[in-house]
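Right, one structure below, let's go through it.
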Amino acid sequence: MRVLITGAAGFLGSHLCDRFLAEGHQVVGMDNLLTGTTDNIAHLAGRDDFKFVKYDVTNYLYLEGPLDAILHFASPASPIDYLTYPIQTLKVGALGTHNTLGLAKEKNARFLLASTSEIYGDPLVHPQTEDYAGNVDTIGPRGVYDEAKRYAEAITMAYHRTHDIDTRIVRIFNTYGPRMRLDDGRVVPNFIGQALRDEPLTVYGDGSQTRSFCYCSDLIEGIYRLLMSDFNDPVNIGNPSEMSILEFAQLVNMLTDNPGGIVYKQDLRIKGDPQTRQPNIERARNLLSWEPTVDLTTGLHRTIQYFKDRV
């Protein structure tokens, strides 16, 4: 296949490029480098089966030649990023999704949207299933990301129903691994960066809020299987192994032999930050025969090793 991956220079987009190339496909990677970096795809330079295009998909989008699939991963994805670039986040979720869907229609290409567990907001249902509509504050600071992705899902399904576009929607839960940015504000790089500097890990509140962490290779496998399936409705891809932020901090300190310990600070989390997060992955298990295989300790060892060269 010849595939277009938007957000190709980002954390997940670059891993997707690697996976599709490893499967023998041709890849066109597109990114405006707002939050991505060409460092993530530098190892692909010079390959005949990979082409990088620096472009903002919120503008009119055209690409020469046939396309078999489009994977739309362009978007700021961490709180620091989408609070810094709120309008760009909304535009890439709305205009960017519209433009990439239009290209899929023109090329008769399969389309996969990168959605997020954030469409569930601060959930009142636990764990979260795909039929849960969510608890989202549309005008809160996090709404710029949550609503961008909710709109992206809506227009994706509209194109599927109206134009018979072959679409997929993956709802991504907390994912970690090499190529995350140290400064992206998410808990994994925050804690690992502090630990490698022998600093105390900053836990806000009492650390009882929970997350479920999925290693990037497991997520990429799930996304690849979803694209190759024939299922159009949203599918949760994540690791259902839930733990508190305090437990996670203790694990990071243990794996890094960090003498700094933990410091508790006033809960300054953004309004609407979810108290709990855990995917129900029965749909992925049944439809894709997928479930995560990399345990948290193994994944963190790999991620810590990656960050050691960058601290």
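The values are calculated or read from the model by the stated rules, or taken from the named source; none is laboratory data. Keep in mind it's a predicted model, so treat the numbers as computed, not measured. Please note: Cβ atoms are built from the backbone with ideal geometry, for glycine as well, and neighbour counts cover all protein chains shown.
Points to keep in mind about this one:
- Figure legend. Inter-residue proximity from the range 50-73: first residues within 16 Å of A104 (Cβ to Cβ), second residues surrounded by fewer than 16 Cβ atoms within 10 Å (Cβ to Cβ) and among the β-branched types (V, I, T), beta-carbon distance below 8 Å, spacing 6+ or different chains. Indicated pairs: L63/V53.
- Within the set V235, V294, the sole residue that is over 28 Å from D166 (Cα atoms), modelled with pLDDT of 95 or more and buried (at least 16 other Cβ atoms within 10 Å of the Cβ) turns out to be V294.
- When I172, I270 are screened for being at pLDDT below 95, among the aliphatic types (A, V, I, L, M) and under 23 Å from the mean Cα position of the chain (by Cα), only I270 passes.
- When the range 254-291 is limited to residues that are touching a residue at least 40 places away in the same chain (Cβ under 8 Å) and polar (S, T, N, Q), the one that is surrounded by the fewest Cβ atoms within 10 Å (Cβ to Cβ) turns out to be Q266.
- Residue under evaluation R181, criteria (1) under 18 Å from the mean Cα position of the chain (by Cα); (2) in the same structural domain as T84 (by TED's automatic domain parsing), criterion not met: (2)
- Any strands (runs of 3 or more DSSP E) falling wholly within the range 147-239 and containing at least 1 residues that are in contact (Cβ under 8 Å) with a residue 60 or more places away in the chain and among the acidic types (D, E): none
- Test: A133 is without any contact (Cβ under 8 Å) to a residue 12 or more places away in the chain, part of a loop (DSSP other than H, G, I, E, B) and within 24 Å of Y82 (Cα to Cα): yes
- As a summary of the residue check, G140 satisfies the conditions (1) in contact (Cβ under 8 Å) with a residue 40 or more places away in the chain; (2) touching a strand residue (DSSP E or B) at 6+ places or on another chain (Cβ under 8 Å) except for the one numbered (2).
Let's see how each residue does on (1) assigned by TED's automatic domain parsing to the domain that holds Q250; (2) crowded, with 21+ Cβ neighbours inside 10 Å; (3) hydrophobic (A, V, I, L, M, F, W, C):
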{"position": "A148", "(1), (2), (3)": "no, yes, yes"}
{"position": "D164", "(1), (2), (3)": "no, no, no"}
{"position": "R168", "(1), (2), (3)": "no, yes, no"}
{"position": "R171", "(1), (2), (3)": "no, yes, no"}
{"position": "L196", "(1), (2), (3)": "yes, no, yes"}
{"position": "D206", "(1), (2), (3)": "yes, no, no"}
{"position": "E221", "(1), (2), (3)": "no, no, no"}
